[in-house]
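Colleague: Before I ask anything, let me first share the structure, which is written out below as structure tokens.
The values are calculated or read from the model by the stated rules, or taken from the named source; none is laboratory data. Remember, it's a predicted structure, so these values are computed and weren't measured experimentally. A quick note on method: Cβ atoms are made from the backbone with ideal geometry, for glycine too, and the neighbour counts reach across all protein chains shown.
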Amino acid sequence: MSEEQTSKGGWLSRLRAGLKKTSSRIGDGLVGIFTKRKLDAETLEELEELLIQADLGPATAAKVTAGLAKGRYGQDLGLDEIKALLADEIAKILEPVAQPLNFAPAGSGPRVVVMVGVNGTGKTTTLGKLSSAAVAQRRRVLLAAGDTFRAAAVEQLEVWGQRAGVPVLKRETGADAAGLAFDAVERGRRDGMDLVFIDTAGRLHNKAGLMAELQKIVRVIGKVDPEAPHEIVLALDATTGQNAINQVETFKSMVPLTGLVLTKLDGTAKGGVLVALADRFGLPVHAVGVGEGIDDLKPFEARAFARALVGLES
């Protein structure tokens with residue numbers, strides 16, 4: 001077995017372990033629904049309710065159930081067959097959004113990536129892990145500690161920068177975050193960087209002042225490079241379940257979101273929310289996180305996720 005296969009196998013094991021709470025809920029429910037029963041109106045209604053409980057949401061749960069039932073109504077189906085069919089229907093929704101973050105430079109300058117999100121979603125850690133992944137692809141990276149309100153966030157980003165061998169641009173606590181973002185893009189262009197990753201302060205999505213400041217950061221970056229930021233990525237905590245949908249709606253109304261990263265899948269039975277997000281918004285899902293380790297954030301793979309979600313081994 002190659003090193004790549006070993007690494008991928010280890011990641012899939014962590015993904016399955018991370019989704020265990022969600023897959024156990026779905027798997028146990030499927031046993032109760034489909035033991036010695038046909039695929040009929042009653043079982044389909046129970047399946048739809050089970051998927052809603054796993055945070056797929058009513059609309060997506062109905063869509064998945066309808067897809068599974070098509071051409072199979074009244075049939076006797078085994079549990080493993082049901083799981084495989086369910087994974088296939090979920091994968092159909094997820095495959096169009098499974099898009100790794102582009103680490104290539106943007107034209108003549110660096111690709112500018114702004115990480116946004118509410119407090120506690122793991123933005124800073126996610127940027128650190130993305131930086132390590134980019135360096136592994138031989139990209140030149142600059143990190144900008146744009147969470148100027150929180151000294152701990154700056155220190156945390158510096159630790160990640162040291163691990164990855166990446167410079168970190170910072171300012172004193174309370175400094176203007178938009179000014180720092182401007183300087184970061186200028187420095188990235190001057191120093192020939194491939195990527196500029198900009199961290200931002202966590203903002204409650206219902207606080208207009210903080211959201212306006214985020215808009216200012218985006219505007220100011222555009223003064224250095226009219227095409228930038230090239231990516232505005234929203235970090236979402238999977239444990240918030242359906243509340244993640246409200247966060248996407250709010251951030252999307254304020255800044256042009258280009259993609260999502262879902263963190264903390266290992267701590268929740270609400271992993272199904274990713275399917276709801278994909279179905280509702282169609283935004284690229286760049287990566288998912290299932291732990292604190294540097295290797296616990298990986299590019300999102302639709303089929304692997306769908307099969308792990310329903311408790312299939314591979």
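Colleague: Only helices (runs of 4 or more DSSP H) wholly contained in segment 23-118 count here; list those with 2 or more residues that are of a type in the set (Gly, Ala, Ser) and touching a residue at least 40 places away in the same chain (Cβ under 8 Å).
Modeller: 79-94
Yes or no, residue by residue, for (1) closer than 18 Å to Gly67 by Cβ; (2) surrounded by 19 or more Cβ atoms within 10 Å (Cβ to Cβ):
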| site | (1), (2) |
| --- | --- |
| Glu81 | yes, no |
| Ile90 | yes, yes |
| Leu101 | no, yes |
| Asn119 | no, no |
| Thr124 | no, yes |
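Colleague: Scanning for something part of a helix (DSSP H, G or I), without any contact (Cβ under 8 Å) to a residue 12 or more places away in the chain and under 24 Å from Arg190 (Cα atoms), does segment 126-137 turn up at least one residue?
Modeller: Within segment 126-137 (the criterion being part of a helix (DSSP H, G or I), without any contact (Cβ under 8 Å) to a residue 12 or more places away in the chain and under 24 Å from Arg190 (Cα atoms)), the answer is yes, since at least one residue qualifies.
Colleague: While we're looking at this one, here's another question. Please work out which one of (1) crowded, with 24+ Cβ neighbours inside 10 Å; (2) touching a Gly at 6+ places or on another chain (Cβ under 9 Å); (3) of a type outside the set (D, E, K, R) is the condition Pro96 fails and give its number.
Modeller: (1)
Colleague: Confirm whether Gln215 is touching a residue at least 24 places away in the same chain (Cβ under 8 Å), surrounded by fewer than 17 Cβ atoms within 10 Å (Cβ to Cβ) and touching an Asp or Glu at 6+ places or on another chain (Cβ under 9 Å).
Modeller: no
Colleague: Output the residues belonging to segment 249-278 that are modelled with pLDDT of 95 or more and over 30 Å from Glu227 (Cβ atoms).
Modeller: Val275, Ala276
Colleague: Further, regarding this structure: Scanning segment 153-170 for residues that are more than 23 Å from the chain's Cα centre (by Cα) and in a helix (DSSP H, G or I), which turns out farthest from Lys129 (Cα to Cα)?
Modeller: Glu155
Colleague: Answer yes or no as to whether Val159 is in contact with a helix residue (DSSP H, G or I) (Cβ under 8 Å, 6 or more places away or on another chain) and either surrounded by 24 or more Cβ atoms within 10 Å (Cβ to Cβ) or free of Cβ contacts under 8 Å to residues at least 60 places away in the same chain (or both).
Modeller: Criteria met by Val159.
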